[in-house]
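Asks: My structure is below; once you've seen it, I'll send some questions.
The values are calculated or read from the model by the stated rules, or taken from the named source; none is laboratory data. Note that the structure is predicted; figures quoted are calculated from it, not measured. Ideal geometry is used to build each Cβ from the backbone, glycine not excepted, and the neighbour counts take in all protein chains shown. The area values use the complete protein model at the heavy-atom level, side chains included, leaving out ligands, DNA and RNA. Shrake-Rupley method; radii C 1.70, N 1.55, O 1.52, S 1.80 Å.
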Amino acid sequence: MEAVILILGLLFFAFVALGVYVSVKAIGAAKRGVDRTITQARRTVEETALRAKSYGQAGVGGELAQLRLALRTSMRATQDALQAGVVEDASLSESLGLFQRLSVHGRELDEELKKLEHEPDRATVASLLPSLKQRTERITHSADSLRWAARDRARRFTDDDLDALNAQIDVEAGALRHWTAETDEPQGQGQREAQAPEQERRQGSGPDDGAAQAITAPDPRLQTGYPWQKAPRPEATN
């Protein structure tokens, strides 16, 4: 009896521990989801403000906003492209690693530009703009190169697969048209070869035995349809 109570007690504590573990994991997942939502909302608000400054504010402030917006747009697009591509192409992991190193420089530049937006000495900021533009162009050029290289690689794989598929379809189409090779034979030879089996058939068969077809069309009702196929018409009944 004591053993049964002990086992039941252990099972109870095991279920309690499992429930606590599941609850903690669920709370952690919910917290991460909320954090991602807040981060994304904050990023959207900040980029909307940058667009407004880049178009509506003249002078040094507008140029700084344009640099930040160009930098963030390029880095975001490259990050999304590499993270989506590495799921199907593991060789992009090295490119993703390089982008992560590039992101360090991108974040440093973005923070520097953000601080300069609030710098009251506009003359000094204006003198720094040429070097800031050069750094921004170097980072965005590298990010764009990685992104377009990943897209070209994915497009190349798609083209190669399509070429192989087209070749297989051409072979299959030729096999389906095998009867055309028979029509290319000389007419006399084809008639002589066809007469002997025909005579034998007439001698040993009835009038209805030669109804076998060389090619039997499949029953469309037994085929699996595709969205672009029309539904077969029902057979008319008399």
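Asks: Within the stretch 108-127, track down each residue that is free of Cβ contacts under 8 Å to residues at least 60 places away in the same chain and loosely packed, with under 13 Cβ neighbours inside 10 Å.
Replies: GLU108, GLU111, LYS115, HIS118, PRO120, ASP121, ALA123, THR124, SER127
Asks: Continuing with the same structure: Taking into account only those residues within the stretch 83-94 that are in a helix (DSSP H, G or I) and open to solvent by 30 Å² or more (accessible area, probe 1.4 Å), which is farthest from ILE139 (Cα to Cα)? Talk me through it step by step, then tell me what you get.
Replies: We begin by selecting, within the stretch 83-94, every residue in a helix (DSSP H, G or I); these are 83-85, 92-94.
Keeping just the survivors that are open to solvent by 30 Å² or more (accessible area, probe 1.4 Å) gives 83-84, 93-94.
Values: GLN83: 19, ALA84: 21, SER93: 19, GLU94: 18 Å.
Residue satisfying both the conditions and the ranking: ALA84.
Asks: Here is a further query. State which residue is modelled with the lowest pLDDT when the search covers only the stretch 158-185 and only residues that are open to solvent by 100 Å² or more (accessible area, probe 1.4 Å) and outside any helix (DSSP H, G or I).
Replies: Restricting to residues being open to solvent by 100 Å² or more (accessible area, probe 1.4 Å) and outside any helix (DSSP H, G or I), the top hit is ASP184.
Asks: Being modelled with pLDDT under 90 and either part of a helix (DSSP H, G or I) or touching a His at 6+ places or on another chain (Cβ under 9 Å) (or both) is true for just one of ARG135, ARG147, ARG155. Which residue is that? Before the answer, list the steps.
Replies: Working: ARG135 fails: modelled with pLDDT under 90; ARG147 fails: modelled with pLDDT under 90.
Answer to the selection: ARG155.
Asks: Moving on. Looking only at the stretch 68-82, which residues are buried (at least 17 other Cβ atoms within 10 Å of the Cβ) and free of Cβ contacts under 8 Å to residues at least 40 places away in the same chain? Steps first, answer last, please.
Replies: The initial filter retains those residues of the stretch 68-82 that are buried (at least 17 other Cβ atoms within 10 Å of the Cβ), namely 68-72, 74-75, 78-79, 81-82.
The answer is LEU69, ARG72, GLN79.
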